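Below is one structure; the comments refer to it alone.
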Amino acid sequence: MTLSVVYAILFYAATLLLVVGVVRKIIIYARTPAPLKIPVTPAPTTKAGVVWRMTKEVTVFQSLFKANKWTWLFGWMFHVALAFVLFRHLRYFQEPVWAIVALIQPIGQYAGFAMLAGLTGLWARRFLVDRVRYITSLSDHLMLALLVAIGLSGLAIKYLAHTDIVALKTWVLGLMYFDLQPLPSDIFVLLHLGLVIILMVIFPISKLLHVPGLFFMPTRNQVDNPREVRHTAGWTAK
Amino acid sequence: MKAKRNTQRFWLAAFIFVLFSFGVMADVPVPDIPEAVKGEQCVEETGFMRRNHMELLLHQRDDTLRKGIRTQKHSLKNCFTCHVVKGADNQPVTVKDSRHFCRECHDYAAVQVDCFQCHTSVPGGAKTTGTRP
C-alpha cells in the first residue's frame, strides 16, 4: 500500500506540473509577438488556407517530408504510433470504455513496436548522420532513451511479465476518483509508471514543448497578405 | 506590475481548479468478479491466475491441438466447472451476457478474446456456432 500512496502522490504532482507548466508556456507563447510578416512562401493567402496548411503540418509533417525523407519516415512513424498507443491507454481512464477505444486495442499493440522502430531510427540518425551528430547534445540522447525505456517497459508488461491489469486499472481510476486503490507492484509496472512520471515532469521544460510550440510558428501560421493587411505586432506596433 | 497581477490570477485559477476537481470524489468503479461456485482455490494461485490465465489457456491449446495432449487442469472447459454465473432462469449465462465470468473483467480492461467464436462459454457445452466444444 505504501507504493500505491507514493506513486499516487508522484502522479498528482507530475500531473499538476505538466498541466500548469504547459499552460504557462502556452500563455507565454501566445503573448510573444511575431513582429514580422514571415510566412514561408508559397503560403496560403486566406485564413482557411492557413488552417489547411497547419493541418497538414500537424498530421503528415509536410515541411519535414519536404526537408528530409528519412527523418520524416522515422519521425512520422513514431508520432503516429504514439498517438495510437496513447489512445489505447485511454482504457485505463474510463469505465465503461468507449467502443472505439476497445476497437483500437489490437492496433495499439502493434503501434508499440512501430513506436520503438521509429525511435530507433531517430536515435540511429543522431549517430550516423554527421551533421546531426555534431549538434546532438546529451539531452537529445536522454530524451530518446527515456521514450525507448517507456516503450520497452510497456511492452514488457504485455509480452514478458503480465500484471494484474484489472487491479492496475482500478488503481488508475482510483486516482481520478480520489479513492486510492492498491497498485500491483510488478517491477515493469513500477518502472513504466515511474518513467512516465519523469516524462510528465520534464515535458514543460524540454524540447517536447514542440507539441504546443508547433502552433506558434510564425513561418507557418501566418496568412500571406502583407499588402492587403498591415501586419503589426510587438515593436512594429509602436 | 500588470504581469505580476496576471501571474497571481493564474495561480489562483489553478488552485480553484484543483479544489473543484475534488468535487468529483466518488467510489471507484470495479468489476464485480463472481465467486466461484465451488472450491477454495483455482488451479493455480489467484495472483498468478489473474496475471497469466491467458498463457495457460494458449499453452493448453497448443499442446492439445498440435501435440494431441489433452489434459483437464488448464483447459477452458475446466474453468467453467467453478466459474459460472447463473441467470434469472437459474441457467448459466453465456458469454453474450455481460455478467459472464470472463466478461466482467474483460469488458473492464477492454480486452477481447476469440475463444468463444468456437468454444462454448458455459459448463456442459451448450449449443454454439462451432462444430465441437
If you fit an axis through the alpha-carbon atoms of helix A:99-128 and take the longest principal axis of the Cα set of chain A, what angle between them do you get, 0 to 90°, nearest 10? 70
Listed pairs A:Lys169/B:Lys73; B:Lys38/B:Lys96; B:Lys38/B:Lys77 exceeding 21 Å between Cα atoms: A:Lys169/B:Lys73; B:Lys38/B:Lys96
Neighbours of B:Thr46 by Cβ distance under 13 Å: Lys/Arg at +1, Asp/Glu at -1, summed charge -3
Residue among A:Val22, A:Val166, A:Val201 with the largest mean-square fluctuation in a Gaussian network model of chain A, springs linking Cα atoms under 10 Å: A:Val166
In this structure, the FRET efficiency calculated for A:Ala99 and A:Lys238 from their beta-carbon separation, with R0 = 41 Å, to the nearest 0.05, is 0.15
Roughly how many Å² is the accessible area per residue of the stretch A:2-225, as a whole number, for a 1.4 Å probe? 54
Nearest 500 deg cm²/dmol is fine: what mean residue ellipticity at 222 nm does the protein assembly as shown get from its DSSP H runs of n ≥ 4 alone, each adding -39,500 (n - 2.57), divided by its residue count? -19000 deg cm²/dmol
So how exposed is A:Phe216, as accessible area in Å² (1.4 Å probe, rounded to 10)? 70
Would you please classify the overall shape of the stretch A:44-180 from the alpha carbon gyration tensor, given that a ≥ b ≥ c denote the square roots of the eigenvalues, rounded means a/c under 1.5, and beyond that prolate means a/b larger than b/c while oblate covers the rest? oblate
So what is the orientation-averaged projected area of chain A, using the convex hull of its C-alpha atoms, in nm²? 16.0
Going from most exposed to least, what order do B:Asp63, B:Asp27 have by accessible area with a 1.4 Å probe? B:Asp27, B:Asp63
Within straight cross-link reach of A:Lys207, meaning Cα distance under 16 Å, which lysines are found once same-chain residues fewer than 8 apart are removed? A:Lys25
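The values are calculated or read from the model by the stated rules, or taken from the named source; none is laboratory data. The model shown is predicted, which means the values in this text are computed figures rather than measured ones. Methodologically, a virtual Cβ is constructed for each residue, glycine included, from the backbone with ideal geometry; neighbour enumeration extends over all protein chains shown. Remember, those area values only see protein heavy atoms, side chains included, never the ligands or the DNA or RNA. Shrake-Rupley method; radii C 1.70, N 1.55, O 1.52, S 1.80 Å.
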